[in-house]
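Heads up, the thing below is written out as structure tokens.
Derivation of every value follows stated rules applied to the coordinates shown; laboratory data play no part. What you see is a predicted model; the values in this text were computed from it and never measured. Every residue, glycine as well, gets a Cβ built from its backbone with ideal geometry; the counts of neighbours run over all protein chains shown.
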Amino acid sequence: MGRKKTAGGAGCIAGLLLLAWAFNNLNTLIPIIVGVSILWIAFSIFRSQREKKWLGGLRLEDLDNLSGADFEKWISARLESEGISAENIQHSGDFGVDVIATVGNVRIGIQAKRYSKNVGNDAVQQAVSGSDYHDCQAAAVVTQAGFTKAAAAQAKKARLPITLVGRRDISKLVVHIRRLAHSVQNHHSPDQDSAG
């Protein structure tokens, strides 16, 4: 759970306490405040556990603290844990692709970007050219950050099918990679997700 959301919950509780004090109804509102607090804590724990499950035991904040190389390893491990062949090629001259995922007979070149800011269109260009070099039929850019509008526009115009997997949907990385492979197998254009 992020600090902003926790602070928001604390702010709501403080607001209710102030309201109760102002109207001298503290005895009536205390059970409500306690109940809301318990529900908020339970929801926070549930959401954190669900996020950790989908992120392979990590939280988004943990991904923010990984090195670039460790983020590439995490992507490979996450795909492999769901039965997708993933080769981390960081030591073999990647040419713009860090991981090659294979779903069925579809090879997907993945450009991993562990950034503190939004990823730009240069990453899309790298993913497409690297995927060409490695004989991949599709490309993906994966980040724990977001994407610029230019990156989303570049992805829509790219010669290869490409998907952008950003912070809002990185927990569904496996789903996006499978969907991309399925669209290539069926010769349809994938949803170029510009989530951030």
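For this structure, a couple of remarks:
- Packing-based exposure ordering (other Cβ within 10 Å, fewest first) of 74, 40: 40, 74
- Lysine-lysine proximity count for the range 62-196, Cα under 20 Å, sequence distance 8 or more or distinct chains: 7
- The HN-Hα couplings worked out from phi for the range 107-118 by the Karplus form 6.51 cos²θ - 1.76 cosθ + 1.60 (θ = phi - 60°) are 9, 10, x, 10, 9, 9, 10, 8, 10, 9, 10, 5 Hz, whole numbers, x standing for Gly and Pro.
- Simple label model, 7 Å out from Cα along Cβ direction - residue 85 to residue 172, nm: 2.7
- Semi-axes of the equivalent ellipsoid of the range 66-185 are 18, 16, 14 Å, computed as sqrt(5λ) over the eigenvalues of the C-alpha gyration tensor in descending order.
- HN-Hα J in Hz across the range 60-74 - Karplus 6.51, -1.76, 1.60, θ = phi - 60°, x for Gly and Pro: 4, 4, 5, 4, 4, 9, 6, 6, x, 5, 5, 5, 4, 4, 4
- The simple spin-label model puts a point 7 Å past each Cα toward its Cβ; for residue 185 and residue 137 those points are separated by 0.9 nm.
- Under 5 Å from the amide H of residue 85 lie the amide H atoms of 102, each residue being 5 or more positions distant or on a separate chain, with H modelled from the backbone and absent for Pro and chain starts.
- Gain upon complete extension [residue 38, residue 62; 0.36 nm per residue less C-alpha separation]: 6.1 nm
- Taking the number of Cβ atoms within 10 Å of each Cβ as an exposure proxy, the fewest-first ranking of 81, 183 is 81, 183.
- In this simple spin-label model, placing a label point 7 Å from the Cα along the Cα-to-Cβ direction at both residue 77 and residue 153 gives a separation of 3.8 nm.
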